């Protein structure tokens, strides 16, 4: 994409975030379409499988994904129908539901690892590690600022 010289950095950065997010979702949806998996289903799978040491509650996943409990439940139900995920009752509180990836799902994602690695290499091609690290730090600060704005209602 061509940089617009008359647009200040802050406004350009804000706008390009949406562009990158939309294009990431579009490319990943296209990549995953033959497997009947969407980007949101992939993202939920990564979170459940990689970020928690035990099956998380739906609300825990919703917090990480910055979405609602209901959105996570809908995505999880679709993964359950495809055999990728199971709903488990919480041992201490039967009203709470936990999510666990199935062995079938773990094997499925492991089989896609080489393709995923190649795609990630292509996406981040030409970006030096130091620049990528700074990018991650910048986005983390933005997320923290947005979380504070959400909590304060401003």
Where N is the number of residues in region 1-62, Cα Rg divided by 2.2 N^0.38 Å: 1.55
Output the 0 to 90 degree angle, nearest 10, between the alpha-carbon long axis of helix 9-32 and the longest principal axis computed from the alpha carbons of the chain. 40 degrees
Kindly express, to the nearest 10 degrees and within the range 0 to 90, the angle between helix 69-81's C-alpha long axis and the longest C-alpha principal axis of the chain. 60 degrees
Subtracting the Cα-Cα distance from 0.36 nm times the residue separation, let me have the gained length for residue 107 to residue 134 in nm, one decimal. 6.4 nm
Cα shape, region 90-154, gyration tensor, a/c 1.5 rule: oblate
Provide the descending list of Cα extents for the chain along its principal axes, expressed in whole angstroms. 56, 42, 25
Please give the helix 129-152 orientation as an angle from the longest Cα principal axis of the chain, in degrees from 0 to 90, rounded to the nearest 10. 70 degrees
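Just so you know, all these numbers are worked out from the coordinates, no wet-lab data involved. None of the values given here were measured: they were computed from a predicted structure.
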